[in-house]
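Following: one structure in structure tokens, then a few remarks.
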Amino acid sequence: MKTLGSAAIAFTLAVRVAAAQGVEFVKANYTKYEFQIPMRDGKKLFTSVYVPKDDSERWPIMLDRTPYSVAPYGIDNYRAALGPNEKFAKEKFIFRLPGRPRAQYERG
């Protein structure tokens, strides 16, 4: 039983370290922008865009659509991973991540 608890703690720490390393990679290689895009019905679609800091050439773009949150919000808060897997971020894709209208998350 004690071994199982130790294994769970080790796994949790390993996941946290891996996530932190992912955030550091994204911060070091991408600039995050946030936009409110007006829709035809008057609602605004919150969108996060991650652009490679290397502007020496044009990069492909990946458009993603999700009915879920695109957290974390805020220009200085970066996701730990971009794209369907890490290869896309290493190949310097531009990522556009739209979520539901922001009004559903914030009141006021």
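The values are calculated or read from the model by the stated rules, or taken from the named source; none is laboratory data. None of the values given here were measured: they were computed from a predicted structure. Heads up, the Cβs are rebuilt from the backbone with ideal geometry, glycines too, and the neighbour counts pull from every protein chain shown.
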Handout entry: Breaking point among (1) farther than 20 Å from ALA28 by Cβ; (2) within 15 Å of the chain's Cα centre (by Cα); (3) aliphatic (A, V, I, L, M), for LEU45
Key = (2)
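So, in region 89-108, how many residues would count as being assigned to a helix (DSSP H, G or I) and at pLDDT 90 or above? Full working, then the answer.
Our first condition is that a residue be assigned to a helix (DSSP H, G or I); within region 89-108, this holds for 89-90, 102-104.
Going one step further and asking which of them are at pLDDT 90 or above, we end up with 89-90.
Summing the residues that are assigned to a helix (DSSP H, G or I) and at pLDDT 90 or above in region 89-108 gives 2.
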Problem - Meets criteria (modelled with pLDDT under 90, surrounded by fewer than 15 Cβ atoms within 10 Å (Cβ to Cβ) and out of contact with any helix residue (DSSP H, G or I) (no Cβ under 6 Å at 6 or more places or on another chain)) for TYR33 - result: no
Completion exercise
Given the conditions (1) under 16 Å from VAL23 (Cβ atoms); (2) among the charged types (D, E, K, R); (3) without any contact (Cβ under 8 Å) to a residue 12 or more places away in the chain, every one holds for ASP41 apart from (1)
